[in-house]
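Okay, structure first, notes after.
Nothing in this text is a laboratory measurement; each read-out follows from the coordinates by a stated rule. Bear in mind the structure is a predicted one, so any value in this text is a computation, not a measurement. Don't worry about glycine lacking a Cβ; one is built from the backbone with ideal geometry, like all the others, and counts go over all protein chains shown.
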Amino acid sequence: AQSVTQLGSHVSVSEGALVLLRCNYSSSVPPYLFWYVQYPNQGLQLLLKYTSAATLVKGINDFEAEFKKSETSFHLTKPSAHMSDAAEYFCAVSESGTGGFKTIFGAGTRLFVKA
Amino acid sequence: DARVTQTPRHKVTEMGQEVTMRCQPILGHNTVFWYRQTMMQGLELLAYFRNRAPLDDSGMPKDRFSAEMPDATLATLKIQPSEPRDSAVYFCASGDGTRYGYTFGSGTRLTVV
């Protein structure tokens, strides 16, 4: 079975600082990996996805993630944090299931942005 | 924008009552998922459907939970009887059957007292 592990349940950065949210995956086959964001009282929104086309993946709101097979990592970064980035972020992996694919989510990392 | 619609957004009910949550997937999406989110357990996959057929409901307590897709525009999740431990946010998500991610609804926040 495939899985993802998010390092750090909470991350706090200052506005304008670099955002780095860590995710490591476990997979016996080339994985499809995702980052989702959840704002308060909302559903999850897809930020970006890795589907083996390119190791550096760009998403919405200037977020990007780099797939590193040697490190089994898919960390999410943003050069400059904005107050509106405060949310919970989920790393996820697509796993082959009965008759199709299902997504397995990590535990989530809550990002706090300080003024 | 195409969206997944969930109703109701909030539900408060007494223990022992039946609860029905509804989801309208994005038109043309053939895969529907139900997730439950709690502080303790995070996001748990309860069940998923492809072309209206249930593929996997192993994450769902069978004795009280049931999920159905009466037609392509409606998915339902029922709890009967409800218990306080069922209090959570229930999300529906739909996809096109590929591995390229889903679209989530805004969730139903269920409180069982």
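Panel values: chain B, Kirkwood radius from alpha carbon pairs, Stokes-Einstein at 37 °C and 0.692 mPa s, translational diffusion coefficient 236 µm²/s. The gain in end-to-end length when the B:Arg52 to B:Arg64 segment is fully stretched comes to 2.2 nm, 0.36 nm per residue minus the alpha carbon separation. Close amide H pairs (under 5 Å, H built 1.01 Å from N) link A:Ala17 with A:Ala81, residues at least 5 positions away or on another chain. The C-alpha atoms of chain A occupy a region whose extents along the principal axes are 46, 31, 22 Å, arranged from largest to smallest. Over chain B, Cα pairs under 8 Å with separation of 6+ residues give a relative contact order of 37 percent. Extending 7 Å from Cα along the Cβ direction at A:His82 and again at B:Met39 yields two label points whose distance is 3.0 nm. Amide H contacts for A:Glu95 (H built 1.01 Å from N in the peptide plane; partners 5 or more residues away or on another chain; cut-off under 5 Å): A:Lys102, A:Thr103, A:Ile104.
Checked against a 28 Å cut-off, the cross-linked pairs B:Lys11/B:Lys62; A:Lys114/B:Lys11; A:Lys69/A:Lys114 give Cα-Cα distances beyond that limit for A:Lys114/B:Lys11; A:Lys69/A:Lys114. Ranked by the mean number of other Cβ atoms within 10 Å of their residues, highest first, the peptides B:48-54, A:53-59 fall in the order B:48-54, A:53-59. Restricting the calculation to alpha carbons of the protein assembly as shown gives Rg and Dmax of 17.7, 52 angstrom.
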